[in-house]
1. What is the dipole size for chain B, taken about its Cα centre, with +1 at each Lys and Arg Cβ and -1 at each Asp and Glu Cβ, in debye to the nearest 20?
2. About the Cα centre of chain A, what is the dipole size in debye to 20, counting +1 per Lys and Arg Cβ and -1 per Asp and Glu Cβ, all else neutral?
3. Could you work out which residue, out of A:83, A:66, A:42, moves most in a Gaussian network model of chain A, that is, has the largest mean-square fluctuation with Cα springs under 10 Å?
4. Filter the GluC sites (Glu not before Pro) in the range A:1-107 down to the DSSP loop ones having no more than 16 other Cβ atoms within 10 Å, then list what survives.
5. Please work out the C-alpha center-to-center distance from the range B:41-110 to the range A:37-116 and express it in whole Å.
6. Mean separation of Cα pairs under 8 Å and 6+ residues apart, divided by the residue count of chain A: what relative contact order is that in percent?
7. Can you count the Lys pairs in the range A:18-116 with C-alpha separation below 25 Å, eight or more apart or on different chains?
8. In the range A:12-116, which trypsin sites (Lys or Arg not before Pro) fall in coil by DSSP and have 16 or fewer other Cβ atoms within 10 Å?
Amino acid sequence: ETGVTQTPRHLVMGMTNKKSLKCEQHLGHNAMYWYKQSAKKPLELMFVYNFKEQTENNSVPSRFSPECPNSSHLFLHLHTLQPEDSALYLCASSQDPGAVAKNIQYFGAGTRLSVL
Amino acid sequence: GIQVEQSPPDLILQEGANSTLRCNFSDSVNNLQWFHQNPWGQLINLFYIPSGTKQNGRLSATTVATERYSLLYISSSQTTDSGVYFCAVEGNFGNEKLTFGTGTRLTIIP
């Protein structure tokens with residue numbers, strides 16, 4: 001148990017569906033992250049939120065839409081996805097990314113997404 | 001951006017053996033983390049080690065920041081050690097981004 005919870009664990013959706021991934025952290029952290037892990041590739045950072053403000057959008061297509069209503073919750077809204085978007089989506093949190101030794105990131109178990 | 005290379009890409013060992021995993025990085029870092037990803041996808045923090053040496057049970061890690069590499073040692077391997085081990089670094093500019101290596105897939109055979 002890392003203190004970061006992701007739901008659902010598995011998701012199958014069609015290309016015309018709309019779905020949302022949820023992440024919740026119980027660590028009192030101020031920053032939250034979305035990563036994408038595709039087969040045979042390193043983890044790719046998608047979005048960073050620091051104190052609820054988006055500070056990083058790593059050239060992610062607009063069919064992925066993040067939402068951070070507070071420092072403990074992070075969503076990733078999905079619509080009109082493509083089969084190549086199938087991957088493991090990981091959420092992470094850290095205490096304070098701007099402070100040395102406080103950007104230790106803790107990860108959730110991920111949502112395995114399949115787009116048909 | 002900063003480059004991270006891990007070696008070897010795959011490692012198959014008998015239970016009880018020792019192993020050394022390596023992470024090379026291309027620039028100065030102020031954050032280096034080792035993670036273990038289990039077969040269910042969960043990434044578990046092993047070490048936060050931008051420099052120096054740390055030990056936790058059968059695992060230890062050493063980072064030589066001046067030479068831009070880190071080593072993860074696993075002693076007396078167990079089957080539960082199987083999975084993928086990732087090194088991730090953040091450059092000295094502290095821009096919140098962890099850059100991950102491609103990982104070492106470790107398989108421990110009973």
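Read the figures in this text as sums done on the coordinates, not as results from a lab. Predicted model only: the values in this text are computed from it and were never measured. For neighbour counting, all protein chains shown are included, and Cβ atoms are generated from backbone atoms with ideal geometry for every residue, glycine included.
1. Result for chain B is approximately 120 debye, rounded to the nearest 20.
2. 320
3. Largest GNM mean-square fluctuation: A:42.
4. The qualifying sites are A:1.
5. The distance from the Cα centre of the range B:41-110 to that of the range A:37-116 comes to 21 Å.
6. Value for chain A: 37 percent.
7. Pairs that pass both the separation and distance tests number 13.
8. Answer by residue number: A:40, A:52, A:63, A:102.
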